[in-house]
1. Kindly provide the set of residues from segment 41-79 that are more than 23 Å from residue 145 (Cα to Cα) and in contact (Cβ under 8 Å) with a residue 40 or more places away in the chain, ordered by number.
2. Quick one: which residue in 306, 321 is charged (D, E, K, R) and farther than 23 Å from residue 151 by Cα?
3. Spot the failing condition for residue 272; the list is (1) buried (at least 17 other Cβ atoms within 10 Å of the Cβ); (2) not in a helix (DSSP H, G or I), and only one is missed.
4. Find the residue count for segment 172-205, including only residues that are open to solvent by 30 Å² or more (accessible area, probe 1.4 Å) and either in contact with a Pro (Cβ under 6 Å, 6 or more places away or on another chain) or of a type in the set (D, E, K, R) (or both).
5. Which members of segment 161-177 meet the condition of being over 17 Å from residue 146 (Cα atoms), aliphatic (A, V, I, L, M) and either touching a residue at least 40 places away in the same chain (Cβ under 8 Å) or not in a helix (DSSP H, G or I) (or both)?
6. Looking at 53, 86, 112, can you tell me which residue is closer than 19 Å to residue 219 by Cβ and among the aliphatic types (A, V, I, L, M)?
7. With the requirement that a residue be open to solvent by 30 Å² or more (accessible area, probe 1.4 Å) and touching a strand residue (DSSP E or B) at 6+ places or on another chain (Cβ under 6 Å), what does segment 206-217 give you?
8. Look at segment 104-123 and say how many of its residues are open to solvent by 10 Å² or more (accessible area, probe 1.4 Å) and part of a helix (DSSP H, G or I).
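The values are calculated or read from the model by the stated rules, or taken from the named source; none is laboratory data. Treat the numbers as computed from the prediction; the structure is a model and nothing was measured. In this analysis, Cβ positions are derived from the backbone assuming ideal geometry, glycine residues included, and neighbour counts consider all displayed protein chains. Calculation scope for accessible area: heavy atoms of the full protein, side chains included, ligands and nucleic acids excluded. Shrake-Rupley method; radii C 1.70, N 1.55, O 1.52, S 1.80 Å.
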Amino acid sequence: MNTSPFEQNIREQPEALRALAGEGPDERLAQLCDRSWERIVLTGMGSSHTVGLPTWRALTRHGRAAWNVDAGQLLDAPELITPDTLVIATSQSGASAEIVELLDRGTRAGALIGIAADETSPLAQAADLYLPLRSGEEATVSTKSYLNSLVVHHRIAASFGAIDGLAVEAQLTASPHAIEALVDLDLTGIAQSALAAQSPRLATIGWADSAATALFAALIGKESSKVPIEGFVGGEFRHGPYELAGPGFTGVFFGASREDVDGPLGRIVRDLLASGALVVLVGDLQIEGATTVDARADRSLSALLEQSVVAQRLAVAIARENGVVPGAFAYGSKITATL
């Protein structure tokens, strides 16, 4: 079986993380984060938007007025950006259509932090502080750039004092080794069971910071495999989408910790199993009848990195089971340059 460019990029992730770890946090970041901004707006599109969710959670816990708004919505509500707003914009290419349009409109913020892989991109050139991803070239669906974006965002949260910066750097140093054990993870059996039904339905679900992974998994899953997959933030799955349950439904829960066994996650898992659904738990939680994919589930940066690789390997398995080349674009392209 030929290795797709998507799979090759998955295997390159440990080295991309090491490249980012080697240069450490930008000292100028602390100077921007020390200011008492009226508000902080995190923005991006697709996985470059969802990657900001843990940062937004950390900042709000830390008492900062923060918004996590995708760039398309921000175009419709530019009033959110004031002269005393710090904008943190993530675009793996640095050239996504909505980000470029925001820059072209000349919306005046107090400062702009730009996170991108390409230092020549419009975002990198316009930013008051450009934070490079050091993820290298990426052939198709987001892999290296997403993991490195998670790291950069955690460094930002640490610069605000919202999380422990020393812990972030320690986890970044240790994570490449753990990820090397996951880059060839075979999830064929799960993909076969998920697509075996006459009317398969798939959803990815995550609570807290792992909600970002669930949304990322759904996005790259359908992008890579051409199979419809919906992503949900925790309990929102109960509100309507629960009617997808029953035989033929597969629910994949990211960040499934053994501590959640009697909480909302544990309850919904048991309810889905009772309906005849297939349930996959990515973490260390084990519930009879569900399939557990072992990964760190302690809500750390390391856990998010590992869970994201599991999401990528699941996308590969579903694509192959669906008979398509994993990550190959049929209609879109790597950079979405059209509004």
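1. 61, 62, 64
2. Just a single option satisfies the conditions, and that option is 321.
3. In the conditions (1) buried (at least 17 other Cβ atoms within 10 Å of the Cβ); (2) not in a helix (DSSP H, G or I), residue 272 misses (2) alone.
4. Residues meeting the conditions: 4.
5. If the condition is that a residue be over 17 Å from residue 146 (Cα atoms), aliphatic (A, V, I, L, M) and either touching a residue at least 40 places away in the same chain (Cβ under 8 Å) or not in a helix (DSSP H, G or I) (or both), then 162, 163, 167, 174 are the ones that fit.
6. Answer to the check: 53.
7. 215
8. Selection size over segment 104-123: 3.
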